[in-house]
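The values are calculated or read from the model by the stated rules, or taken from the named source; none is laboratory data. Keep in mind it's a predicted model, so treat the numbers as computed, not measured. All Cβ positions, glycine included, derive from the backbone under ideal geometry; neighbour counts span all protein chains shown. Accessible surface areas use protein heavy atoms only, side chains included; no ligands, DNA or RNA. Shrake-Rupley method; radii C 1.70, N 1.55, O 1.52, S 1.80 Å.
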Amino acid sequence: MGDLAPFAKIPMQPRAVSKGDIVIDNRAMSKRLYLVTSGWFYAYSFLPNGRRQVYHIYQEGDFIGFEDMMHSKNAFSAGALTAGRICEIDIPAINNILGSHPRFASYLYAVSSLNHIVMMDRMQSIARQNPRERVAHFLLEMANRVRVTSKFHSGQSGNSLTFNLPMVQDLFADCVGLTAVHISRTLTWMTQEGLIARPSRTLITIKDEDGLIELASYRNRYKRD
């Protein structure tokens, strides 16, 4: 934990956020950087045809806007999937910390690099895979992330994991480049095939993880080889 000690020196302004709030608008000229302390958030942009593409899902402990540190403004907008809390970080202060604490800087950039690789995997899935494969890939991405970041899951039992996925089907669809109808049909098919179960509207149980991995040709980037 010594490598993270400099983080305590960074000025932060905490605030509560309601579900649906926009926390970063990429049209604004000012740049923002936040730390998520609770809740779920997402990064997105709108395409020229008006459709929305979701790039990243943020959970507790994630930075929103860190990938834009070297730019004059934020590249993507960010909104709240659920109610939560965020801390706005003083950007000049964190720049000073990064410059004077290289081990801390290396840690943050390593996390940012991992997130970038995960996003590249999903973009490849969107470009090259069919709907069932895309949905399987995204569910595995979320499940494996929950394993290392979230306090809310039932733990593993054999090849099963139940985790929270608090997103409506429209937003799920925008994560994988499909329609809400495709999402509904694919989740129903996966349930019938015994790959997943849905204990409630916001819960997913991975019942056959090996089957999903084979379907999606998925590589777990959160697991060290």
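Side notes on the structure shown:
- Residue that is closer than 30 Å to Ile213 by Cβ and either touching a Lys or Arg at 6+ places or on another chain (Cβ under 8 Å) or open to solvent by 50 Å² or more (accessible area, probe 1.4 Å) (or both), where the choices are Gln129, Gln124: Gln124
- Here Asn115 meets the list (1) more than 16 Å from the chain's Cα centre (by Cα); (2) part of a helix (DSSP H, G or I) almost entirely, failing just condition (1).
- Failed item in (1) of a type outside the set (Lys, Arg); (2) at pLDDT below 85; (3) out of contact with any His (no Cβ under 6 Å at 6 or more places or on another chain), with Asn130 passing the rest: (2)
- Taken together, the residues in the stretch 52-74 that are out of contact with any Lys or Arg (no Cβ under 8 Å at 6 or more places or on another chain), in a loop (DSSP other than H, G, I, E, B) and within 21 Å of Glu141 (Cβ to Cβ) amount to 2.
- Looking only at residues in the stretch 33-47 that are at pLDDT 90 or above and in a loop (DSSP other than H, G, I, E, B), the one that is farthest from Ala173 (Cα to Cα) is Leu33.
- Cross-chain or 6+ apart pairs with Cβ under 9 Å, the stretch 24-38 first and over 17 Å from Ile89 (Cβ atoms), then modelled with pLDDT of 90 or more and assigned to a strand (DSSP E or B): Asp25/Ser77; Asp25/Ala78; Asn26/Ser45; Asn26/Ser77; Asn26/Ala78; Arg27/Ser77
- Qualifying residue in the stretch 4-15 (condition: under 18 Å from the mean Cα position of the chain (by Cα) and not polar (S, T, N, Q)): no
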